[in-house]
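Derivation of every value follows stated rules applied to the coordinates shown; laboratory data play no part. None of the values given here were measured: they were computed from a predicted structure. When we count neighbours, we look across all protein chains shown, and the Cβ atoms used for this are built from the backbone with ideal geometry, even at glycine.
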Amino acid sequence: MAELNIVLVEPEIPQNTGNIARTCAATGARLHLVRPLGFSISEKAVKRAGLDYWDLLDITVYDNINDFFSRTNGPYYYFSTKARHIHSDIKYPDGAYLLFGRETAGLPEQLLHDNPDTTVRIPMISQARSLNLSNSVAVAVYETLRQWNYPDLLCKGNLHRLSWDE
């Protein structure tokens, strides 16, 4: 299976991280959490959002951003409202790391400045400050998986009481 990595740098809101964990579990994406975290990952709010999926998660926690970069090899893509490139114009390779910053501040501006070609934004109207973090991650995950033709994902469903064939 292709490998997709979702990185939350200093996430603050447990419900967002729980929702993102559920998205990762449902898609097979790996979740990377970079400290400091605004909560404990044992908190009820985090697990409640993805409780029945928690055992499907592949989670790695890092002490800080330097620890993350020293233990991973990229390629890295930085999601930010400050970016000049649109997220869907990028071709994400197998093994990509999609990085998202904390809810109140985003990713460090120096990191964005140092990586202009791989810093991307999800388009929205100018009056909107940003999308919710868990929504942004879902948009990014599914754009990447769409490009990869949804590897190893179930792409057809069945009705419970009826049949599509009747």
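With θ set to phi - 60° and the Karplus curve 6.51 cos²θ - 1.76 cosθ + 1.60, what are the ³J(HN,Hα) couplings of the range 54-65 in order, to the nearest whole Hz, using x for Gly and Pro?
Here the 3J(HN,Hα) series is 3, 6, 8, 7, 10, 10, 10, 10, 10, 5, 6, 5 Hz.
On C-alpha positions alone, give me the angle between the axis of helix 14-27 and the longest principal axis of the chain, in degrees, nearest 10.
50 degrees
Angle check, please: helix 133-147 long axis (alpha carbons) against the longest principal axis of the chain (alpha carbons), in degrees 0 to 90, nearest 10.
The helix 133-147 is inclined about 70 degrees to the chain.
Shape verdict for the range 109-159, please, from the Cα gyration tensor: rounded (a/c under 1.5), prolate (a/b greater than b/c) or oblate.
Cα axes put the range 109-159 in the oblate bin.
Give me the one-decimal nm value for the distance between modelled label points at His113 and Thr81, 7 Å along each residue's Cα-to-Cβ direction.
That separation, rounded to one decimal, is 2.0 nm.
Using bins 5 angstrom wide from zero, how does P(r) for the chain break down, in % of all Cα pairs?
Pairs per bin, as whole percents: 2, 8, 18, 21, 21, 15, 8, 4, 2, 1, 1, 0.
Using alpha-carbon positions, what is the distance between the centroids of the range 75-105 and the range 110-131, in Å?
8 Å
Extending each Cα 7 Å along its Cβ direction at Arg146 and Asp94, get the distance between those two points in nm, one decimal.
Going from the Arg146 label point to the Asp94 one covers 2.3 nm.
Using 0.36 nm per residue, how much length does the chain from Ser163 to Leu57 gain when fully extended, once their Cα-Cα distance is taken away?
My answer for the length gained is 35.0 nm.
In terms of modelled amide H atoms, which long-range or inter-chain residues lie less than 5 Å from the amide H of Val120?
HN-HN under 5 Å from Val120: Tyr78, Phe79, Ser80.
Spelling out what I want: for every residue of the range 110-116, take phi, set θ = phi - 60°, compute 6.51 cos²θ - 1.76 cosθ + 1.60 (Karplus), and round to whole Hz; glycine and proline get x.
Result, rounded to whole Hz: 4, 4, 5, 4, 6, 9, x.
Report, in deg cm²/dmol and to the nearest 500, the calculated mean residue ellipticity at 222 nm for the chain, where each DSSP H run with n ≥ 4 adds -39500 (n - 2.57) and the sum is divided by the residue count.
Estimated from H runs of four or more residues: -8500 deg cm²/dmol.
Return the percentage of antiparallel bridges among DSSP beta bridges fully within the range 5-147, rounded to the nearest 5 %.
Beta bridges within the range 5-147, antiparallel portion: roughly 5 percent.
Once amide H atoms are built 1.01 Å from N in the peptide plane, which residues 5 or more positions from Glu12, or in another chain, come under 5 Å H to H?
Gly38, Glu103
In what sequence, highest mean first, do 92-102, 118-128 appear when ranked by Cβ atoms within 10 angstrom?
Put in order of decreasing packing, that is 92-102, 118-128.
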